[in-house]
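Reading through the structure tokens given below for one structure.
The values are calculated or read from the model by the stated rules, or taken from the named source; none is laboratory data. What you see is a predicted model, and the numbers here were worked out from it, not measured in a lab. No Cβ is skipped: glycine too gets one built from the backbone with ideal geometry, and neighbour counts run over all protein chains shown.
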Amino acid sequence: MNTAVEVKNVTMKFNMSKEKIDSIKEYFVKLVKGNLLYTEFTALDSVSFDVKKGEVFGIVGLNGSGKSTLLKVVSGILKPSTGQAKVFGNISPLIELGAGFDPDLTARENIYLNGYVLGHTKKYIDEKFDSIVEFAELEEFLDVPIKNFSSGMVARLGFSIATIVKPDILIVDEILSVGDYKFQEKCEKRIKEMMAGGTTVIIVSHSITQIERLCNTVLWLEKGKMKMIGDTNEVCNAYRNGN
Ligand SMILES: Nc1ncnc2c1ncn2[C@@H]1O[C@H](COP(=O)(O)OP(=O)(O)OP(=O)(O)O)[C@@H](O)[C@H]1O
Ligand SMILES: [Mg+2]
């Protein structure tokens, strides 16, 4: 079997409140009367594609085009309104900065917490602990609560934990872009090593040059629809030129 991710006809609709409601009281009055008005918003519209094993698949598109929503559907965090996303192998999603971290716990405690959430034993995390910390370059901050970390530091720790395990499929949403250029280089190097080891990567980035350096195939989303999919250079050039 050559497919890592299979997305079939995924449509995602959200309910959005149509009117401005000024108070909780007004909200409940409307709720009880049953005249709370919603409009349906289609964040993803019939999206279908396959990602092959070992491929690095990029997703580009303007703000609000549905990229993060699509990654959440692939990771199983959101259930699509219609259609389905199938994943073959274990998946390590890095979607929201700091997701899976407890801000009040220290970096050390969060490494264990995150490791347990990912299904590892204490012994396994003990073994990997030093290399996680080393890659994140956070040796001096191990006993500092995460809430006092900068966003780049949180991203380092998240990426380091998510990739120490060598997942079959790695999903990266914009996380790399908050790291400094040195850390971005390190992340790209690790992603390339993982590719060499057969890991499939799906990456969302507003840095087109980063997408061009890393990806084999790119999907361009526009207002929830697939505008173009195919060879990285072709799609990135069209996206840059806006057609
Ligand atoms: N839980 C939700 N409820 C309602 N609307 C949502 C929800 N999540 C996303 N949306 C809407 O879906 C659309 C797509 O959002 P999404 O976060 O997927 O965009 P994006 O392409 O990741 O944008 P960005 O480049 O800014 O990260 C947006 O209009 C957003 O407001
Ligand atoms: Mg997003």
Listed residues Leu78, Leu36, Leu71; which is outside any strand (DSSP E or B) and either of a type outside the set (A, V, I, L, M, F, W, C) or within 14 Å of Leu219 (Cβ to Cβ) (or both)?
Leu71
What pairs come up if the first residue lies in the range 62-78 and is within 18 Å of Phe49 (Cα to Cα), the second is within 13 Å of ligand 2 (Cβ to nearest atom) and among the hydroxyl-bearing types (Ser, Thr, Tyr), and their beta carbons are under 8 Å apart, counting only those six or more places apart or on different chains?
Leu78/Thr69
Only one of these is at pLDDT below 90, closer than 30 Å to Ser46 by Cα and buried (at least 16 other Cβ atoms within 10 Å of the Cβ): Leu176, Leu221, Leu170. Name it.
Leu176
Pick from the range 139-164 the residues that are buried (at least 17 other Cβ atoms within 10 Å of the Cβ) and in contact with a Ser or Thr (Cβ under 8 Å, 6 or more places away or on another chain): which of them is farthest from Gln210 (Cα to Cα)?
Ile146
Being surrounded by fewer than 19 Cβ atoms within 10 Å (Cβ to Cβ) and away from ligand 1 (no atom under 15 Å from the Cβ) is the filter; apply it to the range 77-90 and report the residue that is farthest from Ala4 (Cα to Cα).
Thr82
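The rows are residues; the columns are (1) among the charged types (D, E, K, R); (2) in contact (Cβ under 8 Å) with a residue 24 or more places away in the chain; (3) more than 16 Å from ligand 2 (Cβ to nearest atom).
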residue	(1), (2), (3)
Ile95	no, yes, no
Lys123	yes, no, yes
Ser160	no, yes, yes
Ile164	no, yes, yes
Where a residue in the range 16-38 is modelled with pLDDT of 75 or more and its partner, wherever it lies, is not hydroxyl-bearing (Ser, Thr, Tyr), with Cβ under 9 Å and at least six apart:
Met16/Glu40; Met16/Phe41; Tyr27/Ile21; Tyr27/Leu36; Lys30/Glu19; Lys30/Ile21; Lys30/Leu36; Lys30/Leu37
Condition check: in contact with an Asp or Glu (Cβ under 8 Å, 6 or more places away or on another chain), more than 20 Å from Asp173 (Cβ to Cβ) and polar (S, T, N, Q). Does Thr3 satisfy that?
yes
Considering residues that are within 15 Å of ligand 1 (Cβ to nearest atom) and outside any loop (DSSP other than H, G, I, E, B), the number found within the range 91-112 is 2
